Structures are given as C-alpha cells and as structure tokens.
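The values are calculated or read from the model by the stated rules, or taken from the named source; none is laboratory data. The model shown is predicted, which means the values in this text are computed figures rather than measured ones. When we count neighbours, we look across all protein chains shown, and the Cβ atoms used for this are built from the backbone with ideal geometry, even at glycine.
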Amino acid sequence: MQRITILGATGSIGASTLDVLARHPEKYQVHALSAHGRVEQLAAQCRAFRPARAVVGSAEAARHLAQLIADLPTEVDYGEQALCDIAASPDTDTVMAAIVGAAGLAPTLAAARAGKKVLLANKEALVMSGQLFMDAVKEHKATLLPIDSEHNAIFQSLPQSYARSPHAAGVARILLTASGGPFLQRAVETLEEVTPEEACKHPNWVMGRKISVDSATMMNKGLEVIEAHWLFGAPADKIEVVIHPQSVIHSMVSYVDGSVLAQLGNPDMRTPIAHALAFPQRIESGVPQLDLTQMAALQFYQPDFARFPCLALAFDALRAGGTAPAVLNAANEVAVQAFLERRIGFRDIDRLVARVMQDIPHEAAASIEAVMAQDERARRAAAQFAAGRA
Ligand code: NAD
Ligand code: MG
C-alpha cells in the first residue's frame with residue numbers, strides 16, 4: 001500500500017489524482033487531503049476516501065469541515081504548518097504537490113526535506129526556489145517526479161541513466177511543446193480587450209483559472225522552461241519551445257545522433273499522474289487509448305515572442321538567475337489575480353511583470369528566506385502597479 005497526501009485535493013490536478021486512485025484501491029491509500037476554500041467539495045472527498053487528516057485554509061473553514069464530517073474519523077486542521085505536517089508525516093509515502101502558486105512552496109519543500117516521493121504539479125514552487133529545492137531533494141534522498149505533462153513526457157523520453165550521467169546520455173536539446181493557448185491566431189491588436197472568460201477557455205485542457213491565464217499569456221510555458229532547467233539540469237539555450245496546437249505530443253528530447261524521442265497521448269492529466277504514481281510500473285488511468293487515425297494533421301511552429309512577451313520575460317529571468325525567477329513568478333501571480341478580478345487588462349500582465357523585474361534588483365537565492373523576501377517585495381511592487389492601472 002502506498003500512502004498518499006494530496007496538497008490541493010479540490011483543484012483540477014487534485015480531482016484527477018483522486019480519480020486515478022479510486023481505480024486502484026488495492027494499491028493506494030489516502031493519508032491526507034488539503035483544500036483552501038472549497039470545504040464542501042473536500043468533505044465529499046473525505047467521505048469517499050476516508051483520510052486520516054484534512055487541512056483547510058482558515059479556522060472558520062476548519063470548523064465548517066469538522067461539522068460536515070463529524071461522523072468520520074478524519075482529523076481536521078488548518079494553516080501552513082498543518083500543510084507541512086501532512087506533507088512530511090511518517091504516515092505518508094507520497095505527496096502530490098498540487099497547490100497553485102507560491103502558497104505550495106513551504107509544504108512541497110517540507111515533503112522533499114522529509115525524503116518523500118514528491119509528485120510535482122506545483123511548478124511555481126520549483127520556479128521560485130530552483131537550486132534550493134533541488135538541493136533539498138538530493139540531500140534528503142527524496143524522489144522527484146514531474147506531473148506537468150511536458151516534463152513528464154521529457155522524463156519518459158530520457159534514459160534512466162540520465163540522472164547519473166547526463167553527458168553520456170547524448171541529449172542535444174529538450175523540445176518543450178506548447179499549445180499556444182486560446183490566442184495563437186487572434187489579431188495581436190485585440191489582445192488588449194481579452195476578458196477573463198476568453199482567457200480561461202483553453203482549446204485542449206480544462207485547468208484551474210490561474211494556469212489557464214498563464215497558458216493564454218504563455219507565461220505557463222515560460223515557467224515550464226525554468227521548471228525544465230531545474231528538473232533536467234538543462235541550460236536555457238538547450239531548451240526550445242515548439243508550438244504544437246493539437247497537444248498530442250507532450251514534449252520531446254532530441255539526441256546528438258539525430259534521434260528524437262517523444263511521448264504522445266490524449267491531453268488528459270490522468271496519464272502523467274498515473275505514470276508518476278506507479279513509476280517505474282504502469283497502471284490504468286482511465287484515459288482512452290490514443291487513436292492516431294482519428295487525428296487531423298499535427299502542426300509545429302516557432303513561438304512568436306512579440307505576441308507572447310511573457311515567454312521572453314521568463315527566459316530573461318532564467319538567464320539572470322538568483323531570485324529573478326521568484327520575482328517573475330510573484331509579479332505574475334499578482335497580475336493574473338488582478339486580471340481575473342478585472343482590475344487590469346490582459347496586456348497589463350506582461351507590462352506589469354516586465355516593470356517589476358526591472359525595478360527589483362537581482363539577488364543571489366542564498367536561502368528560502370531570501371527568496372521569500374524578494375517574493376514579498378515583488379508582490380508589493382506589483383500591487384502598486386496594478387493599483388495605478390485600475
Ligand atoms: P486549481 O486552481 O484547480 O486548484 C488549486 C488547489 O490549490 C485547490 O485545491 C485549492 O484549494 C488549493 N489552493 C489554492 N490556493 C491555496 C492557498 N493559498 N493555500 C493552500 N491551498 C491553496 O489549480 P490546478 O489547475 O489544479 O493547478 C495546480 C498546480 O498544478 C498549479 O501549480 C498548476 O500550474 C499545476 N498544473 C496544473 C495542470 C492542470 O491541468 N490543471 C497541468 C500542469 C500543471
Ligand atoms: Mg504543462
């Protein structure tokens with residue numbers, strides 16, 4: 001029995017994870033679930049999976065949840081320390097890190113420091129803390145498996161020996177595919193008028209609102225470039241973004257001998273989730289088999305950095321190093337929230353991120369405390385900018 005903690009159980013990734021787990025009750029047992037606000041959904045999940053512990057965002061939410069599941073043995077708690085506890089508990093083996101944004105950093109890091117098998121969906125945590133996170137994984141002998149579909153595809157397309165000797169593996173480039181989001185073809189001048197509803201309507205994937213907006217600006221791909229850098233130790237100029245609107249190839253690795261290995265599948269996050277849960281074995285995920293004869297043409301293009309300035313900003317942050325990716329991420333989180341609340345326009349997102357990156361001096365990412373201090377500074381600067389636009 002593998003005992004699992006799901007951080008962010010009520011989100012899109014959390015729900016897909018529970019869907020896969022429910023197909024294999026003999027293999028997996030849910031130790032703990034967390035949610036920020038959606039208490040009723042979490043209560044239903046507790047009823048179905050009977051975890052030992054459930055964690056929510058506030059004392060009030062905890063009281064509400066405790067009432068809803070008073071008949072269950074589940075112990076209810078709230079707050080960041082409780083999240084870190086369920087991530088690091090000796091009663092759990094595997095932690096699905098599926099909280100959105102910087103809020104996931106502390107518990108995800110706690111799981112790594114406790115030497116857990118960490119299934120990483122929460123890309124923002126790795127983008128912010130980069131080397132520090134990878135050092136914690138190594139020092140505490142944690143196992144880090146990517147859930148992001150592209151990184152999971154890259155992981156599957158690399159040889160097992162890659163981690164031991166990347167050079168001998170002969171990797172030439174990592175080809176990170178991107179759907180291009182809902183605005184790949186839209187006239188650039190009209191991007192100023194994009195609404196939150198339009199931005200959240202992704203052509204291929206159903207996801208949480210923050211990552212949907214990130215896909216529309218292509219900041220998501222930018223964050224994924226940084227994520228790929230840390231996961232696979234690849235420098236920025238060996239990571240190439242390829243637009244592939246059909247999202248059938250989830251990413252590729254090209255080798256020095258001219259080979260290109262890819263992972264394909266229907267666009268459904270249950271595939272990478274099942275892959276990481278069972279690794280190195282395979283289990284059924286509920287995703288239908290890919291029928292290539294039913295596919296239209298598969299297309300590939302170079303990204304247009306003028307249409308998607310956020311992608312260029314992320315490459316800049318990666319090349320700048322230190323706390324620059326944390327500043328990029330924090331500014332973006334504030335900007336996306338302001339956009340979703342209709343306080344700023346769609347194109348203000350990239351303007352705001354560029355401005356904050358310019359204004360906040362780069363520092364070395366010497367400690368998590370230093371990273372969090374820069375995150376705070378970037379959030380304050382971003383909030384000021386957003387208030388100025390409103
Ligand atoms: P979502 O918005 O659907 O769910 C987010 C989850 O995090 C919810 O359970 C919510 O309760 C919890 N949460 C939100 N704010 C919190 C806070 N301040 N403290 C504690 N918990 C909080 O998001 P999602 O689409 O499931 O994405 C989750 C993560 O996975 C993101 O980092 C995203 O980039 C990544 N990801 C998602 C997909 C996808 O298909 N949805 C694909 C790849 C990567
Ligand atoms: Mg992805």
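May I ask you to verify whether Val248 is over 30 Å from Gln29 (Cα atoms) and either touching a Pro at 6+ places or on another chain (Cβ under 8 Å) or assigned by TED's automatic domain parsing to the domain that holds Val206 (or both)?
Criteria met by Val248.
Output the number of residues of segment 188-214 satisfying the condition of being more than 9 Å from ligand 1 (Cβ to nearest atom) and crowded, with 24+ Cβ neighbours inside 10 Å. The qualifying residues number 2. When you check Ser89 against the structure, is it in contact with a His (Cβ under 8 Å, 6 or more places away or on another chain), in contact (Cβ under 8 Å) with a residue 40 or more places away in the chain and either aliphatic (A, V, I, L, M) or within 16 Å of ligand 1 (Cβ to nearest atom) (or both), yes or no? No; evaluated as a whole, the condition is false for this residue.
Check whether at least one residue in segment 142-161 is without any contact (Cβ under 8 Å) to a residue 24 or more places away in the chain, assigned to a loop (DSSP other than H, G, I, E, B) and over 23 Å from Thr17 (Cβ atoms), and report yes or no. Looking for residues that are without any contact (Cβ under 8 Å) to a residue 24 or more places away in the chain, assigned to a loop (DSSP other than H, G, I, E, B) and over 23 Å from Thr17 (Cβ atoms), one finds at least one in segment 142-161, hence yes.
So, in segment 36-85, of the ones that are touching a Gly at 6+ places or on another chain (Cβ under 7 Å) and among the small types (Gly, Ala, Ser), which residue ends up farthest from ligand 1 (Cβ to nearest atom)?
Filtering segment 36-85 for residues that are touching a Gly at 6+ places or on another chain (Cβ under 7 Å) and among the small types (Gly, Ala, Ser), the one farthest from ligand 1 (Cβ to nearest atom) comes out as Ala61.
Flag set for Leu144, criterion: away from ligand 1 (no atom under 13 Å from the Cβ) and not small (Gly, Ala, Ser).
Annotation: Ile154 fulfils all but one of (1) within 12 Å of ligand 2 (Cβ to nearest atom); (2) closer than 18 Å to Glu124 by Cβ; (3) among the β-branched types (Val, Ile, Thr); the unmet one is (2).
Taking the listed residues Ala312, Ala274, the one that is more than 30 Å from Ala387 (Cβ to Cβ) and in a helix (DSSP H, G or I) is Ala274, with no other qualifying. Every condition in (1) under 16 Å from Ile4 (Cβ atoms); (2) among the aliphatic types (A, V, I, L, M); (3) in contact with a Phe, Trp or Tyr (Cβ under 8 Å, 6 or more places away or on another chain) holds for Leu120 except the one numbered (3).
A single entry from Gly130, Gly180, Gly170 fulfils the requirement of being of a type outside the set (S, T, N, Q), buried (at least 16 other Cβ atoms within 10 Å of the Cβ), out of contact with any helix residue (DSSP H, G or I) (no Cβ under 7 Å at 6 or more places or on another chain) and at positive phi: Gly180.
Of Glu227, Glu240, all but one fail to be within 14 Å of Thr177 (Cα to Cα), more than 12 Å from ligand 1 (Cβ to nearest atom) and among the acidic types (Asp, Glu); the exception is Glu240. Considering segment 170-269, the qualifying helices (runs of 4 or more DSSP H), each wholly inside and each with 1 or more residues that are within 25 Å of Ser129 (Cα to Cα), within 16 Å of the chain's Cα centre (by Cα) and within 12 Å of ligand 2 (Cβ to nearest atom), run over 209-217, 219-232.
Looking at Ile154 and the list (1) assigned by TED's automatic domain parsing to the domain that holds Met269; (2) among the hydrophobic types (A, V, I, L, M, F, W, C); (3) away from ligand 1 (no atom under 16 Å from the Cβ), which single condition is not satisfied? The failed condition is (3). Any residue that is at negative phi and out of contact with any helix residue (DSSP H, G or I) (no Cβ under 9 Å at 6 or more places or on another chain) - is there at least one of those in segment 343-359? Scanning segment 343-359 turns up at least one residue that is at negative phi and out of contact with any helix residue (DSSP H, G or I) (no Cβ under 9 Å at 6 or more places or on another chain). Looking across segment 11-54, the residues that are part of a helix (DSSP H, G or I), closer than 13 Å to Leu277 by Cα and polar (S, T, N, Q) come down to Ser16, Thr17.
Residues are listed down the side, and each one gets a yes or a no for (1) more than 14 Å from Ala378 (Cβ to Cβ); (2) free of Cβ contacts under 8 Å to residues at least 40 places away in the same chain:
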site: Val287; (1), (2): yes, yes
site: Leu290; (1), (2): yes, no
site: Leu311; (1), (2): yes, no
site: Leu352; (1), (2): no, yes
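For segment 68-89, give me each residue that is among the small types (Gly, Ala, Ser) and either part of a helix (DSSP H, G or I) or more than 28 Å from the chain's Cα centre (by Cα) (or both). Across segment 68-89, the qualifying residues are Ala70, Ala82, Ala87, Ala88. Among the residues of segment 55-67, those that are within 20 Å of Gly14 (Cα to Cα) and assigned to a helix (DSSP H, G or I) comprise Ala61, Ala62, Leu65.
State yes or no: is Val137 away from ligand 2 (no atom under 16 Å from the Cβ), closer than 21 Å to Ile273 by Cα, outside any loop (DSSP other than H, G, I, E, B) and not polar (S, T, N, Q)? It is true that Val137 is away from ligand 2 (no atom under 16 Å from the Cβ), closer than 21 Å to Ile273 by Cα, outside any loop (DSSP other than H, G, I, E, B) and not polar (S, T, N, Q).
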